[in-house]
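A short reminder: the numbers here are calculations on the coordinates, not readings from a lab. Just so it is clear, the model here is predicted, and its values are computed rather than measured. Please note: Cβ atoms are built from the backbone with ideal geometry, for glycine as well, and neighbour counts cover all protein chains shown.
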Amino acid sequence: MNRDIAALAFCALVLSGLGCPPTQAATPLATEPQFDRAAYLGRWYQIALIPNRFQAQCVGDTSADYRALPDQRIEVTNRCRTKDGHAEAIGVARPHREHPDNHAILQVRFAPAWLSFLPFVWGDYWVICTLGHYDAALVGSPDRRYLWILARTPTLDDARYAALVAIAKAQGFDVALLRRE
């Protein structure tokens, strides 16, 4: 575990030294170089996020389940606790059409399948970094508007959390906006 944190801290320092202003969204977003789709499948818990409108009703206990589908697609089931109970959204992720060789770059859709021909129903879902053997992950969008810190357990130790926040900051995300669950 300490080796993971040290490696992540080193990566964050290298990325921050690239001379890119941290808020410059035009800078390409780096993704997990050795992304393993099979290892990514399963349940993830949301540890922190940059708040967004489509999760505004969620007050806690947010999780996502990823299940393999044919044609390199992934079924995505998001769940959270709301003030009135629970919410669930089921969608699908696919390889990004503009980056077919980078398996860490996905597009996700929660709109009905019959609307999938519309480009605007697909959102960017880029796996930026993973820790250990997919014990924790940093996921975001190239415009830096969306960011999630995920873990295989409902909690994440402070050192790993800080390492992922440092990477997000080095990648140009406004980490002051992060809200930890």
> Checking Gln107 against (1) buried (at least 17 other Cβ atoms within 10 Å of the Cβ); (2) in contact (Cβ under 8 Å) with a residue 60 or more places away in the chain, which test does it fail?
Replying inline: (2)
> Which residues, counting only those in region 60-76, are assigned to a strand (DSSP E or B) and at negative phi?
Replying inline: Thr62, Ser63, Ala64, Asp65, Tyr66, Arg67, Ala68, Ile74, Glu75, Val76
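Here's the yes/no breakdown for (1) touching an Asp or Glu at 6+ places or on another chain (Cβ under 7 Å); (2) closer than 20 Å to Thr31 by Cβ; (3) of a type in the set (A, V, I, L, M); (4) in contact (Cβ under 8 Å) with a residue 40 or more places away in the chain:
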residue	(1), (2), (3), (4)
Glu88	no, no, no, no
Asp101	no, yes, no, no
Tyr125	no, yes, no, no
Val139	no, yes, yes, no
Pro142	yes, yes, no, yes
Arg145	no, yes, no, yes
Ala166	no, yes, yes, yes
Gly172	no, yes, no, yes
>> Just the residues that are among the hydrophobic types (A, V, I, L, M, F, W, C) and either more than 14 Å from Cys129 (Cα to Cα) or assigned to a loop (DSSP other than H, G, I, E, B) (or both), please, taken from region 156-181.
In response: Leu156, Ala159, Phe173, Val175, Ala176, Leu177, Leu178
> Which of the residues spanning region 137-155 are part of a strand (DSSP E or B) and either touching a Lys or Arg at 6+ places or on another chain (Cβ under 8 Å) or of a type in the set (A, V, I, L, M) (or both)?
Replying inline: Ala137, Leu138, Val139, Leu147, Ile149, Leu150, Ala151
> For Ala38, which of the numbered conditions (1) in a helix (DSSP H, G or I); (2) within 24 Å of Asp157 (Cβ to Cβ) fails to hold?
Replying inline: (2)
>> Which count do you get for residues in region 110-146 that are surrounded by fewer than 16 Cβ atoms within 10 Å (Cβ to Cβ), more than 22 Å from Arg79 (Cα to Cα) and of a type in the set (D, E, K, R)?
In response: 1
>> Restricting to region 151-165, count the residues that are of a type in the set (A, V, I, L, M) and surrounded by fewer than 19 Cβ atoms within 10 Å (Cβ to Cβ).
In response: 2
